[in-house]
Amino acid sequence: MIDHLRRFLFALLVFIIAMIVFALWRGTQPGYGLLDLLRGKGPGEKFTAPTAPKLKADDVPMLAQLDEEYTKLAAAVLPSVVSVNTTSVVQKQLVQQFFGLNFSRGIVDVPQSGLGSGAIISKEGHVITNFHVIDGAKEVKVTLNDNKTYEARVLYADGVRDIALLKIESDKKDFPALSFADSEKVRVGQIVFAVGNPFGLSGTVTQGIISARNRHITDSSMDYLQTDTVINPGNSGGPLVNLRGEILGINVAIYRGDQNVSSWQGIGLAIPANEAKTVVEDAMSANPAKSQGKGGSGFLGLEVNQESVRINTGEGAGTIGVLIVRVGEKSPAQLAGLVAGDVVTGFNGRPVRSSAELLTMIRMTPAGSKAKLTVWRNGEIGNVDCELGAQPQHGGGM
């Protein structure tokens, strides 16, 4: 028994000595030591991290300057952009199941929250946003970029232009404000930034360009600015600013080519700053005639093709007109007998050469006025008498 124990101890001692000798030998190898072996680790990998960037700012001076100026612009604009949070009440029917049958327990009021964006436009705390952001709201609060939240009241709302003016309930008289640019001078390709509260993520800045001007397809909408700047639900009411930090437009909608996709698809729309300024001027002059969207712009209820068409009216080929692609249900246009497929070549005796021209003529004509449209239908030219209605309020957006 003792002999067996001695042999076992001798074998264990030989094994330990062999391990120590092996460890000392491996300890001479790069990246590996005795402690590594005792900790159960294998040979280490050599790792040398770079200590300097590939390029210095001096190597790309124009990009470095652009980077600095973008951040400077964002820092200047962000304090003037707010998140708009609303609470409205919707009525829902309360239903209870009993033995597999549904029984109504009456109508109950259910709170419903909404969100959007806005821009401070006065030191006193006036905020511009979209009408559809605050439409039907019982309570409106705004949160500034410093995370301070204030109650706000609706001073003025124009459902036609989809613009509302809020006033922050505070004695503060030095709110950081943004000024308006002249949107008539906007150029396609101009760099712009959208600032707002997409999906509730406040203080978001995205950059793009003006893709097009005068975007519209119906006479119930104004001429929008089109941008490829990334905007999403929650950006509604936020500013589209130029390189000087001026409000060039108020973000209002995104184009949804695929109706099943609610996020950005490369096309955003903004209300031109000059339209927004008009609403502010109406509000500050306390003109009740235009409040709540009771403007005087005419409306027929037409959706037209963006591209002009050439037709043969019998008086020579090449007459230019605008193709009607849809007529609104129970609209003034439908009551007048206009139908999809009609080509409008004249409005009150004036030739119509583009969709923009026709829709502008309609909107510039006061509601309630009579109008005579020259229409080509089934190879014949004729006149259609219409009475223009009032512009509907906008309820869409993001």
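What the table below lists for this structure:
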{"item": "Some residue of the stretch 82-100 being buried (at least 16 other Cβ atoms within 10 Å of the Cβ), at pLDDT 95 or above and either in the same structural domain as P198 (by TED's automatic domain parsing) or part of a helix (DSSP H, G or I) (or both)", "result": "no"}
{"item": "Flag for Q190 being more than 18 Å from G118 (Cβ to Cβ) and within 17 Å of the chain's Cα centre (by Cα)", "result": "no"}
{"item": "Residue match in the stretch 278-289 (condition: assigned by TED's automatic domain parsing to the domain that holds T360, at pLDDT below 60 and not polar (S, T, N, Q))", "result": "no"}
{"item": "Qualifying residue in the stretch 37-52 (condition: more than 50 Å from the chain's Cα centre (by Cα), modelled with pLDDT of 70 or more and part of a helix (DSSP H, G or I))", "result": "no"}
{"item": "Qualifying position, being under 21 Å from M364 (Cβ atoms) and at pLDDT 75 or above, among E303, E307", "result": "E303"}
{"item": "Checking Y150 against (1) within 30 Å of R363 (Cβ to Cβ); (2) at pLDDT 95 or above; (3) surrounded by fewer than 24 Cβ atoms within 10 Å (Cβ to Cβ), the condition it does not meet", "result": "(1)"}
{"item": "Which numbered condition R161 misses (of (1) surrounded by 14 or more Cβ atoms within 10 Å (Cβ to Cβ); (2) at pLDDT 90 or above)", "result": "(2)"}
{"item": "Selection within the stretch 198-221 - more than 30 Å from G301 (Cα to Cα) and at pLDDT 90 or above", "result": "T204, V205, T206, Q207, G208, I209"}
{"item": "Residues within the stretch 172-195 that are part of a strand (DSSP E or B) and under 15 Å from I121 (Cβ atoms), tallied", "result": "2"}
{"item": "Lone unmet requirement of (1) closer than 17 Å to E380 by Cβ; (2) modelled with pLDDT of 75 or more; (3) surrounded by 13 or more Cβ atoms within 10 Å (Cβ to Cβ) for T313", "result": "(2)"}
{"item": "Enumeration of residues in the stretch 339-355 that are modelled with pLDDT of 85 or more and either under 15 Å from V325 (Cα atoms) or not in a loop (DSSP other than H, G, I, E, B) (or both)", "result": "V339, A340, G341, D342, V343, V344, T345, G346, F347, R350, P351"}
{"item": "Any hit, the stretch 356-368, residues being part of a helix (DSSP H, G or I), among the charged types (D, E, K, R) and surrounded by 13 or more Cβ atoms within 10 Å (Cβ to Cβ)", "result": "yes"}
{"item": "Boolean, R187 is in contact (Cβ under 8 Å) with a residue 24 or more places away in the chain, closer than 23 Å to A270 by Cβ and charged (D, E, K, R)", "result": "no"}
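The values are calculated or read from the model by the stated rules, or taken from the named source; none is laboratory data. The shown structure was predicted, so the numbers you read here are calculated from the model rather than taken from an experiment. Cβ atoms come from the backbone with ideal geometry, glycine included; neighbour counts cover every protein chain shown.
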